[in-house]
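Below: the structure, in structure tokens.
None of the figures in this text is laboratory data; all of them are computed from the coordinates on show. Small disclaimer: the values here were computed from a predicted structure and weren't measured. For neighbour counting, all protein chains shown are included, and Cβ atoms are generated from backbone atoms with ideal geometry for every residue, glycine included.
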Amino acid sequence: MRDLKRPVEPYRIKVVERIKKTSRSERETELKKAGYNLFNIPAEKIFIDLLTDSGTSAMSDKQWSGIMVGDESYAGARSFFRFEKSVKNIFGFAHVIPTHQGRAAERILFEAMVKKGDSVPNNIHFDTTQANVEVRGAHAVNLVDDAAYDPDSNDPFKGNMDIGKLERFIEQTGRAKIPLVMLTITNNSGGGQPVSLENIKSVSAVCRRSKIPFFFDACRFAENAYFIKKREKSQARKSVPAIAREMFSYADGATMSAKKDALVNIGGFITYNDATLTRRLKNLLIIGEGFPTYGGLAGRDLEAIARGLDEVVDIDYLEHRTSHVAYLGNLLDRAGVPVFKPIGGHAVYILADRFLPHIPRHQYPGWALSVALYREAGVRSVEIGGVMFGKKDPKTGRETYPVLEMVRLAVPRRVYTVSHLEVVADALIALHKKRDSIRGFRIVEEPAHLRHFTARLEEIK
Ligand SMILES: *Cc1c(COP(=O)(O)O)cnc(C)c1O
């Protein structure tokens, strides 16, 4: 079975961290205390944590040694210049501003560029990106190709923007109301699917023609570049850094969460070409984050990001990374668990509405499945469906739901072994067999924005 070939780690383990199993009754108590929200469960009560691949990477010996030599000077630290050099080397933009994480980069960029009543097109906005557009009083518009919503299509680039939709949207809205176009690589909220180089070029051409700035949400740029190398015939012989460099050459800038493809636990940045943005960005940075040569980070963090960016574009690392995630997906798929296809770069997405066809959308099947998986095996996942992206009509209280109702199993980078993934697969396969016993949920408490982080729910009897 080629698709079940065990992925071999291109590293060995030098430091270990204890994790502990819990009993079923312990997990039941934790769920009650947490209002059935897995974000509220103490990490010590989790056995295998697939909540996110964000900030959960294991750093290398080289990164840890970078931590020791970080320069903590307030202004002009050596580590900043090392960071700047590494970012410029891979991304190729003229300016770099560090931030404490990706959403800070988004907030600052949008505060500088986006006004009330504007619209920002994206393939699919990530939740914090959408929230940061909306707090400006602007519209976050998703213009991904329709294939993205078809979990059975094996289209190799389901993250692609629909160019026709983008052109029509610009024509109808007028470029004066579109301060920038974004493209999320890989497309996190659409199954971790990549965007092709061809599509990047087309988006860029449309933006240049309309004189609209084009920015990447570049959190997983290395995984995206690797998929381009593997799936886009014309790119097979190019190196990953060369592909990344070419991707970025078509854009005006990028926001980045270093917690993903920079292999660190905290950090982010904005990188861009337009020098006229610099004053506004730096003013906002100083108010909210810090001086422009540290931007909310310690010198040691900048040093670790610089080294992480060099490691993440390594072909052996990327080959392992993507096949490791695919291994989990293929175990589930072969056992008949409905998964989004193709398997994404950083995560496996389970089709919760198909897994639990007896639970209606307004009872949040994705949420129900993620709670059931914790209850079953102490595995934490995250719902990407009705709770995360449901929209409530303020007058009627009626909710509308995103097309896809999914549970994401995000795989932290270099953290878990093949046997951990097998534990997760076994638990899900067992749940699939007894799926009729899983019940839906109702929300009992929720905030105005990003409700999945803090909402409290109860199980429907
Ligand atoms: C994680 C993420 C962000 C936000 O970054 P944080 O570091 O969590 O603030 C933005 N966009 C995408 C696609 C992401 O995955």
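Ile67 to Ser23: extension gain in nm, 0.36 nm per residue of separation minus the Cα-Cα distance?
12.1 nm
Taking square-rooted eigenvalues a ≥ b ≥ c of the alpha carbon gyration tensor, is segment 61-312 rounded, prolate or oblate, where a/c under 1.5 means rounded and, failing that, a/b exceeding b/c means prolate? Don't skip to the answer; put the middle values down first.
Values: a/c = 1.96, a/b = 1.29, b/c = 1.53.
Taking the square roots of the gyration eigenvalues as a ≥ b ≥ c, segment 61-312 is oblate.
Take each of the peptides 384-391, 414-421, average the number of other beta-carbon atoms within 10 Å over its residues, and list them starting from the highest.
With the highest mean Cβ count within 10 Å placed first, the list reads 384-391, 414-421.
How many percent of DSSP beta bridges within segment 61-312 run antiparallel, rounded to 5?
Working: 12 of 23 bridges.
That works out to approximately 50 percent antiparallel.
May I ask you to order 55-64, 441-450 by the average number of other C-beta atoms within 10 Å around their residues, highest value first?
Packing proxy ranking, top to bottom: 55-64, 441-450.
Give the cross-link partners of Lys201 among the aspartates and glutamates, using a straight C-alpha distance below 20 Å as the criterion and excluding same-chain residues fewer than 8 apart.
Asp145, Asp146, Asp155, Asp162, Glu167, Glu171, Asp217, Glu223, Glu232, Glu246, Asp252, Asp274
Show the residues, 5+ positions off or on another chain, whose built amide H is closer than 5 Å to the amide H of Arg220.
Those lying under 5 Å, H to H, from Arg220 are Ile185, Thr186.
Compute the distance in nm between two label points, each set 7 Å from the Cα along the Cα-to-Cβ direction, one at Asp274 and one at Arg231.
In this crude label model, Asp274 to Arg231 measures out at 3.0 nm.
Considering only DSSP beta bridges whose two residues both sit in the chain, what percent are antiparallel, to the nearest 5? Write out the running numbers ahead of the final one.
Details: 27 of 40 bridges.
Beta bridges within the chain, antiparallel portion: roughly 70 percent.
List the aspartates and glutamates whose Cα sits under 18 Å from the Cα of Lys5, skipping any in the same chain fewer than 8 residues away.
Those aspartates and glutamates meeting the cut-off are Asp316, Glu319, Asp333, Glu422, Asp426.
Which order results if Lys233, Lys433, Lys177 are arranged by neighbouring Cβ count within 10 Å, fewest first?
Lys233, Lys433, Lys177
Which peptide among 271-284, 362-375 comes first, and what is the full order, when sorted by highest mean count of other Cβ atoms within 10 Å? The partial results should precede the final answer.
Working: 271-284: 15.9, 362-375: 24.9.
Result, highest mean Cβ count within 10 Å first: 362-375, 271-284.
Can you give the Kirkwood hydrodynamic radius for the chain, in Å, rounded to one decimal and based on Cα pairs?
Computed over Cα pairs of the chain, the Kirkwood hydrodynamic radius comes out at 22.5 Å.
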